[in-house]
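Working notes for the structure below.
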Amino acid sequence: MNRYFNFFVFLFLFIFLFAGNCKIFADFPKKQEKINCMDTLFNKQLSEHPRLLFSVEEENNIKQLSKQDTLLNNLLGLLKLKADILLTKPILRYELRQKHSDLLWISREHIYRIITLSLAYRMFDELKYAKKAEEDLINVCNYPDWDPAHFLSVAEMAEAVAIGYDWLYNYLPQDTKNLIIKSLKEKALYFAVQEYDSGNSDSWARRSTNWNIVCNTGMIMGALAIAETDLKLTEKIIFKGITFIPNCLQYFSPDGVCYEGPGYWYYTNINLAMLLRSLNDNLGHDYGLSDISGISKTASYFITTVSPSGRVFNFADVVSETVNVGPVYFYFSKKFNLPDVAQFYRSHLLKILKSPDTFPRWHFFLNIPWYDASISTSVKKPKLQVFDNIFNPIMVFNGNSASTNSIYLAAKGGAGNMPHQHLDVGSFIVETNGVRWLDDLGCTAADYSLLGFWDYTPWSGQRWKYFRYNNFSHNTLSIDNNLQYSAGRGNILRYNKDSDKPFGIIDMTTAYNNLATKVYRGFMLLSDNLTLIQDEISLTSQNKQIEWTSITNAIVTINGNRAVLQKGDKSFHIKIISPADATFTTTVAKTNSSEEAPLVNYYLLKITVYPTNETDRTIRVVMSSDQDAINDDRLIGSLRPLLNWN
């Protein structure tokens, strides 16, 4: 009897001690699925799965909110529809392209597939989605590599695999988990460690461009997903990654502009959002990355540069003028309490739901986990908003936003030799009545393969021989038919947002190296539907010719110093105020070579200021959708030098 009693006492004590303090039995064999309560990451207990982007608690909250929120419920309906379509999609073979040797499109397709299927499994609790996601995970983990020569491909594949492993953790069999762990380490994380230890300043890890954020995010998410398998590896990757990430983020200062342009704004920030979310969820902080100057303002900046017609200010290498639709807006709106951003984005989601075949893939269904229903209380847009930046400062003018006849104008500085930039210092776009009258050609994806496309060398760079990328195709100036100096800069000299006639002045001087000692361009909103552009140029010598250029796809009619742009039943009027003898000319816009993507129905509208003995020249142009406004002497008659703008 005593023998049995002693046995049960011992058994009770064993169970009690094991459950209460697993440190005593740290080496006791256990299933890999269970997180060891001794596992700590930077002295913080390691979170259970799912630990990336969408917690179990949030999952339950979203399910409840969807019963009350029609838009969210419709997003769930679209999720199920698209997940069902993916069930019949074949796996994608490992394939390197001939011209652009990378797996990037396959990596991005798997971000879409894995998020969509894994989220459908979590939201609808149907095994068919998890099974299909597992099939895709096994497939990519059996690839020979994820194309480390083009590390964006590796980073985005790592993101996809990390999310799948984490979100399906309680479904996946151990053999599949082991395969994923091995693949993340050997196809991604070990390469990262090597790069962190020996890479130079042009390394993907250290660059000042989108590559930095995308690649470091992919590595950190991959490491966090499998952290319990190698805590030291995870800590090293996080530590190194967050050390280098400010190399890029510093250039968002002070007001959130992404100098690489709106396309790369989205690409950078959707990855930044996933990074910040992953760090905060697992470590309780993001090492101050979200406190870097400009990060809290970047979403507000971006939505301000979306015009009333719903098009972005498409400067730099931007392929599309449409707004990138994705969950980054919801992340920033929640993180920084920006209900204007959430409301802006929900309006774009409504458009997608009305035409679901046009929806973007990629990270789209993270809109559900990050959904923000907050309501904006803002009533009126300021007439001028200024977003300063060391490379691409931006000014945005709004007339009365309640009137479709009002002017919308966005203008920029510039830094031609920075990544993805054009020779476009001082360029701008302008809209009224939902029509963009003066445009930016942006970029075409095919041009990335042009010979010398990435050569930004001042004057001689091959990039500047291609029409879309030089100043002759932008709404700016040229002197003696010369290129802008790509190492020059366009900076905001001064502005006044509070004046009845708000204005901003861009100093473009260094973009005209050796051609002028001063080149200032001022923009003033004279009234809700009338704007003035005033250029003051001090040439380095006499007898230099200045050309004022703008580009449009409207029908152009010229009458001396007046031009009328026409689209359908809408029109826009432009008038030269000075020089008094200047007139407009127009030509068909054409690319410079057959290798470039052709232009269709674009026209150059020009003013030529011919050489004289004078070195100080002024060009004044007014614009409006109202023909009477450009003849209003009360507004135009009081024009004065930029020095006296106040």
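The values are calculated or read from the model by the stated rules, or taken from the named source; none is laboratory data. Only a predicted model underlies this, so the values are computations on that prediction, with no experimental measurement involved. A quick note on method: Cβ atoms are made from the backbone with ideal geometry, for glycine too, and the neighbour counts reach across all protein chains shown. Calculation scope for accessible area: heavy atoms of the full protein, side chains included, ligands and nucleic acids excluded. Shrake-Rupley method; radii C 1.70, N 1.55, O 1.52, S 1.80 Å.
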Counted residues, the range 108-152 - those being open to solvent by 10 Å² or more (accessible area, probe 1.4 Å), assigned to a helix (DSSP H, G or I) and of a type in the set (Asp, Glu): 3
Every residue from the range 401-449 that is open to solvent by less than 10 Å² (accessible area, probe 1.4 Å) and among the polar types (S, T, N, Q): 421, 427, 432
Criterion violated by residue 339 - all others in (1) surrounded by fewer than 18 Cβ atoms within 10 Å (Cβ to Cβ); (2) of a type outside the set (A, V, I, L, M); (3) modelled with pLDDT under 95 satisfied: (3)
Residue in the range 462-471 that is farther than 24 Å from residue 522 by Cα, surrounded by fewer than 20 Cβ atoms within 10 Å (Cβ to Cβ), in contact with a Lys or Arg (Cβ under 9 Å, 6 or more places away or on another chain) and not β-branched (Val, Ile, Thr) present: yes
The range 560-607 - residue that is open to solvent by 30 Å² or more (accessible area, probe 1.4 Å) and aromatic (Phe, Trp, Tyr) and, of those, nearest to residue 621 (Cα to Cα): 603
Among (1) under 19 Å from the mean Cα position of the chain (by Cα); (2) of a type in the set (Ser, Thr, Tyr); (3) open to solvent by 40 Å² or more (accessible area, probe 1.4 Å) - the single one residue 243 does not satisfy: (1)
Residue 248, sole failed condition from (1) open to solvent by 30 Å² or more (accessible area, probe 1.4 Å); (2) under 17 Å from residue 292 (Cα atoms): (1)
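Conditions tested, residue by residue: (1) part of a helix (DSSP H, G or I); (2) buried (at least 18 other Cβ atoms within 10 Å of the Cβ); (3) not basic (Lys, Arg).
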position: 277; (1), (2), (3): yes, yes, no
position: 282; (1), (2), (3): yes, yes, yes
position: 297; (1), (2), (3): yes, yes, no
position: 301; (1), (2), (3): yes, yes, yes
position: 309; (1), (2), (3): no, no, yes
position: 314; (1), (2), (3): no, yes, yes
position: 318; (1), (2), (3): no, yes, yes
Residue tally, condition in a loop (DSSP other than H, G, I, E, B) and either within 30 Å of residue 463 (Cα to Cα) or of a type outside the set (Gly, Ala, Ser) (or both), over the range 567-603: 18
Any helices (runs of 4 or more DSSP H) falling wholly within the range 170-236 and containing at least 1 residues that are surrounded by fewer than 17 Cβ atoms within 10 Å (Cβ to Cβ): 174-184, 190-198
Leading residue by the ranking (farthest from residue 230 (Cα to Cα)) among those in the range 138-182 that are in contact (Cβ under 8 Å) with a residue 60 or more places away in the chain and aromatic (Phe, Trp, Tyr): 151
Those residues of the range 284-295 which are aliphatic (A, V, I, L, M) and in a helix (DSSP H, G or I), in sequence order: 289, 295
Failed criterion for residue 373 (all others in (1) among the aliphatic types (A, V, I, L, M); (2) open to solvent by 30 Å² or more (accessible area, probe 1.4 Å); (3) in contact with a Lys or Arg (Cβ under 7 Å, 6 or more places away or on another chain) hold): (3)
Hits in the range 376-398 - residues which are more than 19 Å from the chain's Cα centre (by Cα) and either buried (at least 24 other Cβ atoms within 10 Å of the Cβ) or not small (Gly, Ala, Ser) (or both): 377, 379, 380, 381, 382, 383, 384, 385, 397, 398
Pairs, first without any contact (Cβ under 8 Å) to a residue 60 or more places away in the chain and within 18 Å of residue 167 (Cβ to Cβ) in the range 54-72, second assigned to a loop (DSSP other than H, G, I, E, B) and open to solvent by less than 80 Å² (accessible area, probe 1.4 Å), C-beta under 7 Å, six or more apart: 56/50
Which listed residue is more than 23 Å from residue 385 (Cα to Cα), in a loop (DSSP other than H, G, I, E, B) and open to solvent by 10 Å² or more (accessible area, probe 1.4 Å), from 452, 488: 452
Check on residue 597, modelled with pLDDT under 95 and in contact with a helix residue (DSSP H, G or I) (Cβ under 7 Å, 6 or more places away or on another chain): yes
Sole residue being basic (Lys, Arg), touching a residue at least 24 places away in the same chain (Cβ under 8 Å) and touching a helix residue (DSSP H, G or I) at 6+ places or on another chain (Cβ under 6 Å), chosen from 240, 297: 240
Residue match in the range 562-584 (condition: of a type in the set (Val, Ile, Thr) and in contact with a Gly (Cβ under 9 Å, 6 or more places away or on another chain)): yes
